[in-house]
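The structure appears below as structure tokens.
The values are calculated or read from the model by the stated rules, or taken from the named source; none is laboratory data. Since we're looking at a predicted model, the values are computed, not measured. Every residue, glycine among them, receives a Cβ derived from its backbone with ideal geometry; neighbour counts consider all protein chains shown.
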Amino acid sequence: MRAARMRGAVVSLAVLLAACGSGQAASPQAGTRDDGRTATASEPASGQALSGQLTVFAASSLTDAFEDLGERFTRTNPDVEVAFNFGSSSTLATQIVQGGAPADVLASASQTPMNDVAGAELLAGQPQTFTRNTLEIAVERGNPLHIQSLADLTRPDVTTVLAAEEVPAGEYTRHALDVAGIQVTPASLEVDVRAVLSRVELGEADAGVVYVSDIVAAGDAVEGVQIPPERNVPASYPVAALAEAPNPQAAEAFVDYVLSDEAQATLTEYGFSAP
């Protein structure tokens, strides 16, 4: 779109009509939204080049993946500056609903926080599920305490930390423990899943329940112990542009990009799964 604008009046009507009728997408990487629209990384709905700051509120578990996606997005849209606010999804929703935080996009780790924002009529459209995640037990590298299952988290020699129940990771964990019929008394309840991971990485806890993507992000710092599918709780991640977004065009374009094939491949590299 930028090249077409530079040509200005010298571009003939015939060329413009040909370009409009070509049907070519601005980006070779495209996906399909839940509403049937094609998602692209670089073509805003208005047809205008994107610019300005784009503020994205995202679940803490998305930190590494979204920082990567933000860099990729700005390669196509160099006049956009992407700023992230990472935290627990419930806290982010509260900041938007009660604090009037100037955000353009919300990406949460469960539907509940998104519903809270939707209930306040602060979403620009229907949320789209863009990825999923599953739980895993983070333990010290080498697993010196031989933790093999959720049941081992009840052992007196194992110091366990969990995410607080009001945040998605804590909610999912409590559900998984209930399904397994296990009661765990954690040494602490953390503000978000990355705080749980940090406690294990620092050796302040022997184990913590996090997401698979957190284990991937930690690299060699921790080791993951799988939780069987029948006792696991898949996490669903919705994304939406906000009704009071300061930069609505960039917000819509970023949501489209998150749903694109390119972004989906990147999310898979970080341990997430297809929606």
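Out of all the residues in the stretch 70-126, which are more than 20 Å from Ala169 (Cβ to Cβ) and of a type in the set (A, V, I, L, M)? Result: Val80, Val82, Ala83, Val97, Ala101, Ala103, Val105, Ala118, Ala120, Leu122, Leu123, Ala124. Restricting Val216, Val184, Val212, Val225 to residues that are surrounded by 17 or more Cβ atoms within 10 Å (Cβ to Cβ) and either under 22 Å from the mean Cα position of the chain (by Cα) or under 30 Å from Thr76 (Cβ atoms) (or both) narrows the list to Val212.
Which of the residues belonging to the stretch 257-270 are part of a helix (DSSP H, G or I) and more than 23 Å from Ile96 (Cα to Cα)? Result: Asp261, Glu262, Ala263, Gln264, Ala265, Thr266, Leu267, Thr268, Glu269. Inside the stretch 84-138, residues that are outside any loop (DSSP other than H, G, I, E, B) and within 20 Å of Gly208 (Cβ to Cβ) make up a count of 10. With the structure loaded, tell me whether Glu165 is at pLDDT below 95, more than 17 Å from the chain's Cα centre (by Cα) and either more than 19 Å from Phe86 (Cβ to Cβ) or among the acidic types (Asp, Glu) (or both) or whether it fails that test. Considered against the rule, which asks whether it is at pLDDT below 95, more than 17 Å from the chain's Cα centre (by Cα) and either more than 19 Å from Phe86 (Cβ to Cβ) or among the acidic types (Asp, Glu) (or both), Glu165 comes out as yes.
Hey, can you tell me all the residues within the stretch 227-256 that are in a loop (DSSP other than H, G, I, E, B) and either touching a Lys or Arg at 6+ places or on another chain (Cβ under 9 Å) or not small (Gly, Ala, Ser) (or both)? Across the stretch 227-256, the qualifying residues are Ile227, Pro228, Asn232, Val233, Pro234, Glu244, Pro246, Asn247. No other residue among Val82, Val161, Val117 is under 20 Å from Asp64 (Cβ atoms) and in contact (Cβ under 8 Å) with a residue 40 or more places away in the chain apart from Val82. Pro78 meets each of the listed conditions (1) closer than 17 Å to Val239 by Cβ; (2) surrounded by fewer than 18 Cβ atoms within 10 Å (Cβ to Cβ); (3) of a type outside the set (Lys, Arg) apart from (1). Restrict the check to the stretch 136-156 and report whether at least one residue is within 22 Å of the chain's Cα centre (by Cα) and closer than 28 Å to Leu242 by Cβ. Checking the stretch 136-156: not a single residue is within 22 Å of the chain's Cα centre (by Cα) and closer than 28 Å to Leu242 by Cβ.
Considering the conditions (1) in contact (Cβ under 8 Å) with a residue 24 or more places away in the chain; (2) over 17 Å from the mean Cα position of the chain (by Cα), Thr131 is excluded by exactly one of them, (2).
If you scan the stretch 98-124, which residues turn out to be modelled with pLDDT under 95 and at negative phi? Passing the criteria: Gln98, Gly99, Ala101, Pro102.
Does Val117 satisfy being in contact with a helix residue (DSSP H, G or I) (Cβ under 7 Å, 6 or more places away or on another chain), under 15 Å from Ala240 (Cα atoms) and of a type outside the set (S, T, N, Q)? So Val117 fits the description; yes. Cβ separations smaller than 9 Å between residues 6+ apart or across chains give the following pairs from the stretch 210-223 residues that are in the same structural domain as Gly142 (by TED's automatic domain parsing) and modelled with pLDDT of 95 or more to residues that are part of a helix (DSSP H, G or I) and aromatic (Phe, Trp, Tyr): Tyr211/Tyr172.
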